[in-house]
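Beneath this line is the structure, given in structure tokens, with notes to follow.
The values are calculated or read from the model by the stated rules, or taken from the named source; none is laboratory data. Please read these numbers as outputs of a predicted model, since none were measured by experiment. Note that each Cβ is placed from the backbone with ideal geometry, even for glycine, and that neighbours are counted across all protein chains shown. Heads up: the accessible areas ignore ligands, DNA and RNA and are worked out on the full protein's heavy atoms, side chains in. Shrake-Rupley method; radii C 1.70, N 1.55, O 1.52, S 1.80 Å.
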Amino acid sequence: MFSNASNFTQGVDMAFLIILAISFFFLIGITAMMIYFIIKYNRKKNIPAVQIKDNSWVEFTWTTIPLILVLLMFYYGYVAYLPMKTPPKDAMQITVIGKMWKWTFEYKGGKQSDTLYVPLNKAVKLNLVSEDVLHGFYVPAFRIKDDVVPGKANYSWFIAQQPGEYEILCSSYCGIMHSYMGTNVRVVSEPVFNNWLARLPVKKVVKDNAGLAIMQKNGCLACHSLDGTKILGPSFKGLYGTKINVMTNGVARKVVVDDEYIKTSILEPNKDIAAGFNAGIMKAYGTKIKPNDIQKISNYLKSMNAK
């Protein structure tokens, strides 16, 4: 069905079929030999055991043939893989942002979409970025799958060869909502794509990501989402400046999420427990996160509310 969905499908499918054929050959061959020996040398036939002298040609053969087959599998796999890491210089650039638990696609001019639109028969390079944990960008129909690693640049590319809509998945377990982290890539003609892109509104992009980098480094986003999803701790989305209910020494009260509250939550996480969440889960960071870094975290959370 998707045999020509992208420029990589034929190469990847060829490598897969060759490896599959070799595996079936040995599965059937070894199973047949096992059955043959079981029947021929059954104990009921009382065939006396005989010492068999080694045979150099047999040893050479069963060493050489598997070596040739392994090299053959490597060759077809390498031939299919190498083009995946050599995108054309004139490829259209799109930034793919992975975060728990959604994909966002950023086009030239700061335009963003939750669905990946690409023009037909045009090289597209995807610059892969993670805002929290390890993700895996995977388009089964295109035969592409690459890691999206926090703090590390990576990319993927393809040429879509058939119009239509194809599934995008996350191939690396990234938390409790991992299986919901999916969207689609829509392949359309270039005029349709240009018209769609022209109508796509520009979304404000947060410029100061220093606080985000600090949170990524300390694993904060494993328990606190950026998109409003409830995990083990409150989501950071729209949190700064709001009034929330907390439990302080067993007493319920309201507090404003400001710089002081964020600082206290980092240094003394069990002092003011947000309603609906449990104490004892978050560790105290103490001197691990410096005062300047705490302020950068506050600045980033504040900037998330900027319109």
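For ASN194, neighbours were defined as the other residues whose beta-carbon sits under 15 Å from its Cβ, and their charges (Lys and Arg +1, Asp and Glu -1) total +4.
Please go through the range 85-168 and write out the trypsin sites (Lys or Arg not before Pro) that DSSP classes as loop and that have at most 14 other C-beta atoms within 10 Å.
Passing both the DSSP loop test and the Cβ count: LYS89, LYS108, LYS152.
Rounded to two decimals, the Cα-based Rg/Rh of the chain, with Kirkwood Rh, is 1.17.
Rounded to the nearest 0.05, what FRET efficiency do MET33 and ASP13 give with R0 = 35 Å and r taken as the Cβ-Cβ distance? Could you check?
On the way: r = 30 Å, r/R0 = 0.86.
Given R0 = 35 Å and the Cβ-Cβ separation, E is 0.70.
Among ILE244, LEU27, LEU226, pick out the residue whose Cα is farthest towards the positive end of the charge dipole of the chain, where Lys and Arg carry +1 and Asp and Glu carry -1 on C-beta, about the Cα centre. Towards the positive end, the residue furthest out is ILE244. Both radii come from the Cα set of the range 1-78: Rg as radius of gyration, Rh as Kirkwood radius; their ratio Rg/Rh reads 1.21.
Think of the chain as a dipole: +1 on every Lys or Arg Cβ, -1 on every Asp or Glu Cβ, centred on the Cα centre; then among SER265, TYR76, ALA91, SER265 lies furthest on the positive end.
Within the same chain, aspartates and glutamates fewer than 8 places from LYS111 are excluded, and of the rest, those with a Cα less than 19 Å from its Cα are GLU131, GLU190, ASP208, ASP227. Computed from Cα atoms alone, the Kirkwood hydrodynamic radius reported for the range 67-220 is 16.8 Å. Of all segments of the chain bounded by chymotrypsin sites (Phe, Trp or Tyr not before Pro) found in a DSSP loop with no more than 14 other C-beta atoms within 10 Å, the longest spans 174-307.
Give the accessible surface of the chain per residue, rounded to a whole number of Å², with probe radius 1.4 Å and ligands, DNA and RNA excluded.
Details: 18830 Å² over 307 residues.
Value returned for the chain: 61 Å² of accessible area per residue.
Scanning residues 5 or more positions from SER6 or on other chains, those with amide H under 5 Å from its amide H are GLN161, with H placed 1.01 Å from N in the peptide plane. Model label points for SER56 and LYS145, set 7 angstrom from Cα along the Cα-to-Cβ axis, are 4.5 nm apart. A helix-only calculation puts the chain at -10500 deg cm²/dmol for mean residue ellipticity at 222 nm, using -39500 (n - 2.57) for each DSSP H run of at least four residues, averaged over all residues. Going toward the positive end of the dipole of the range 140-216, with +1 on Lys and Arg Cβ and -1 on Asp and Glu Cβ, which of PRO201, MET215, GLY175 do you reach last? Checked the options; the winner is PRO201. Membrane-span-like helices in the chain: DSSP H runs reaching 30 Å or more (Cα, own axis), mean Kyte hydropathy at least 1.6? Answer set is 9-40. Each Lys or Arg adds one and each Asp or Glu subtracts one; over the other residues with Cβ under 12 Å from the Cβ of MET92, this totals +2. Pair-distance distribution of the range 128-210: all C-alpha pairs, bin width 5 Å, starting at 0; shares per bin in whole percent are 3, 12, 17, 19, 20, 18, 9, 2, 0. Surface composition of the chain: carbon and sulfur make up 61 percent of the accessible area, probe 1.4 Å.
Extent along the principal axes, Cα only, for the range 92-175: 33, 29, 19 Å, with the longest axis given first.
Give me the dipole magnitude in Debye, nearest 20, for the chain about the Cα centre, with unit charges on the beta carbon: positive for Lys and Arg, negative for Asp and Glu. Result for the chain is approximately 400 debye, rounded to the nearest 20.
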